Amino acid sequence: MTPPPVPPRTAETPAFMAELRRLKAWSGLSYRELEHAAAKAGEVLPYSTAATMLRRDRLPRERVLVAFVVACGLDADGTRRWAAARREIAMGTQPPGTLPAPAAPPPGRRRRPRLRLAVVGVATALAVLAGAGAGAAAFGTTNVQEEQTEVSTHQP
């Protein structure tokens, strides 16, 4: 029997997914048979999930990948290699301990600080409330002191 496909050395999702498709072909199992093989190994891998995973060029979740690789018949070492390759691709090719550079704003647009937007929002809310108070005064509402004055002036 030929050895199983191994994860690619490049940290690119399309190449990784192509090798996963080769791994399924190497296993010789249908999607339903993969589902049953995963269940025998104590993993959960619905056949539709496996089919969808291989149809796309997106990195699968690690749990799904492990279930798939185990269902294909790889041992613990092979499974660890595939999971490690997936993590490497998911993290990118940056040196350990570094963070990705923040994305630059689109050309022609400046980034506005979020604090300024919050201040504008609070100021707008206060203006609306002040306007509601002014509107109530314009419609002839009175306060308690005015009412007492009116009552005392109308009494005989």
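The values are calculated or read from the model by the stated rules, or taken from the named source; none is laboratory data. Everything quoted here is computed from the prediction, not taken from an experiment. A quick note on method: Cβ atoms are made from the backbone with ideal geometry, for glycine too, and the neighbour counts reach across all protein chains shown. Ligands, DNA and RNA are excluded from the accessible area calculation, which covers all protein heavy atoms including side chains. Shrake-Rupley method; radii C 1.70, N 1.55, O 1.52, S 1.80 Å.
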Search the stretch 70-95 for residues being polar (S, T, N, Q) and assigned to a loop (DSSP other than H, G, I, E, B), and hand back the single one that is most open to solvent (accessible area, probe 1.4 Å).
THR93
Part of a helix (DSSP H, G or I), closer than 16 Å to ALA83 by Cα and among the small types (Gly, Ala, Ser): is that true of ALA25 in this structure?
no
For the stretch 1-29: of the residues being among the hydroxyl-bearing types (Ser, Thr, Tyr) and over 14 Å from VAL70 (Cα atoms), which is least open to solvent (accessible area, probe 1.4 Å)?
THR13
Residue pairs within 7 Å by beta carbon, gap of at least six or interchain, first lying in the stretch 1-17 and touching a residue at least 12 places away in the same chain (Cβ under 8 Å), second open to solvent by 80 Å² or more (accessible area, probe 1.4 Å) and hydroxyl-bearing (Ser, Thr, Tyr), listed first then second, are ALA11/THR93
Within the stretch 46-69, restricting to residues that are within 21 Å of ALA90 (Cα to Cα) and in a loop (DSSP other than H, G, I, E, B), the one that is least open to solvent (accessible area, probe 1.4 Å) is PRO60
What tally of residues in the stretch 31-45 results from selecting those that are in a loop (DSSP other than H, G, I, E, B), of a type outside the set (A, V, I, L, M) and open to solvent by 50 Å² or more (accessible area, probe 1.4 Å)?
1
